[in-house]
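The values are calculated or read from the model by the stated rules, or taken from the named source; none is laboratory data. The structure presented is a predicted model; accordingly, all values stated were derived computationally and were not measured. Glycine gets a Cβ as well: all are built from the backbone with ideal geometry, and neighbour counts include every protein chain shown.
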Amino acid sequence: MAQPFDICIRGAGIVGRTLALLLARDRLRVALVAQPAPADATGHGDVRAYALNAASRKLLEALRCWPDAAHATAVSAMQVFGDDGGEVNFKAREQHADALAWIVDVPALEARLREAVRYQPMIEEVDAPAKAALTVVCEGKASATRAEFGVEFEVTPYAQQAIATRLVCALPHGQVARQWFAGGEILAFLPLDGPDGNSVAVVWSVHETRVAGLLALAPEEFARQLHTASHGVLGDLQLTGLRAAWPLQRAQALRWAGRTPVTWALAGDAAHTVHPLAGQGLNLGLGDAAELAQVLHAREYWRGVGDEKLLRRYERARKAAVLAVGGATDGLQQLFARDEATWQGVRNWGMKGFERSGWMKGWVARQAMGR
């Protein structure tokens, strides 16, 4: 007779696999419902990259899943430019740290997690949901299971979509992450391929009315548009990947745990999404995995993994963290989305003041760094 599962995780992305590995360390038997990877018809590969903070790195290193240096580029500085002379600069050495964050290549991280799961005997990859004391939903923002369980997902759409791609630049990036706010749009260049690299991952949050036109441009013309938007700081640009686009939103599930039709909890994008401008989306999801695993690890001996009080502890802790980050990113997005000259002056005045603030700037940097 097959051994019963303690926990079933629906969704085998980064958050789902991380959670499975954390739970397996506590000798919990995990069923991991794997989803087929989307086919890449372009042949250019996955262009996604994430900014991960020190807390996320510590978590993944403990699982021996942190990518090698070629696929996890340390960010030594960050430059943020406003649309009327405002500028904010963060430097790792000012925070007595080796890096502000690491830009991690998604396929490399996913490969490390898949390999770790494959060699963990407490985890079994299954094709369909299995009976367990607790079901954790990690299926992403379009989760079918969340809808099946009748959980309301409050969505606030932004009038923007994100376009992601990869570039090779004429000049090295110098381990600097760069971000430009202009005309209600946000462009980010994230350094890749190690300290001496000249490749960047691009995330360009643009007005939704411009998306179709930008995607239809020839690669050379699209690169020229990025050259203009980035003021040519990295020289000539060459597109090296596909262009992927998706709508942006802030969203949160009203309930993160329940007992109908099974005992369940939500984690990652199935529970919340935020604007990518601060690069905190995956950090929040990994924080969910770490918190849920810790709550279950520290449970009283008489409580099972599906105990309602445990799940409420998890929900309270993570809702507070997500509310803080979501509120901050939403406020920044709303501030920079305004085109009026008055607002332009206010936000750039604010950026200049923040740059000189000292303690406040340091506190914000430490929060984003997961410290």
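Segment 141-257 holds helices (runs of 4 or more DSSP H) entirely within its bounds, and those carrying 2 or more residues that are surrounded by fewer than 22 Cβ atoms within 10 Å (Cβ to Cβ) and modelled with pLDDT under 95 map to 144-148.
If the condition is being under 30 Å from Gly11 (Cβ atoms), assigned to a helix (DSSP H, G or I) and among the acidic types (Asp, Glu), then segment 84-129 contributes Glu110, Glu115. Which residue out of Cys8, Cys65 is modelled with pLDDT of 95 or more and in a loop (DSSP other than H, G, I, E, B)? Testing whether each residue is modelled with pLDDT of 95 or more and in a loop (DSSP other than H, G, I, E, B) leaves just Cys65. Need pairs with beta-carbon distance below 6 Å; first residue under 16 Å from His173 (Cβ atoms) and among the polar types (S, T, N, Q) and within segment 223-244, second modelled with pLDDT of 95 or more and outside any helix (DSSP H, G or I); sequence gap 6+ or separate chains. Close Cβ pairs (under 6 Å, with a partner that is modelled with pLDDT of 95 or more and outside any helix (DSSP H, G or I)) amount to Gln238/Val168; Thr240/Arg166; Thr240/Val168.
Every condition in (1) farther than 30 Å from Val295 by Cβ; (2) surrounded by fewer than 16 Cβ atoms within 10 Å (Cβ to Cβ) is met by Asp127 except one, and the failing one is (1). Contact map, segment 120-141: residues that are of a type in the set (A, V, I, L, M) paired with residues that are buried (at least 24 other Cβ atoms within 10 Å of the Cβ) and in a loop (DSSP other than H, G, I, E, B), Cβ distance under 6 Å, separation 6+ or inter-chain. Pairs shown: Val136/Ala267. Scanning for something within 22 Å of the chain's Cα centre (by Cα), over 27 Å from Pro172 (Cα atoms) and surrounded by fewer than 17 Cβ atoms within 10 Å (Cβ to Cβ), does segment 266-285 turn up at least one residue? No; the residues of segment 266-285 include none that is within 22 Å of the chain's Cα centre (by Cα), over 27 Å from Pro172 (Cα atoms) and surrounded by fewer than 17 Cβ atoms within 10 Å (Cβ to Cβ). When residues in segment 163-211 are screened for being in contact (Cβ under 8 Å) with a residue 60 or more places away in the chain and of a type in the set (S, T, N, Q), 4 of them pass. Screening segment 38-62 for residues that are assigned to a helix (DSSP H, G or I) and within 26 Å of Pro172 (Cβ to Cβ) and picking the one that is modelled with the lowest pLDDT gives Ala54. Going through (1) more than 17 Å from the chain's Cα centre (by Cα); (2) surrounded by fewer than 19 Cβ atoms within 10 Å (Cβ to Cβ) one by one, Val117 falls short only on (2). Restricting segment 44-74 to residues that are within 26 Å of Thr228 (Cβ to Cβ) and buried (at least 21 other Cβ atoms within 10 Å of the Cβ), the residue that is farthest from the chain's Cα centre (by Cα) is Thr73.
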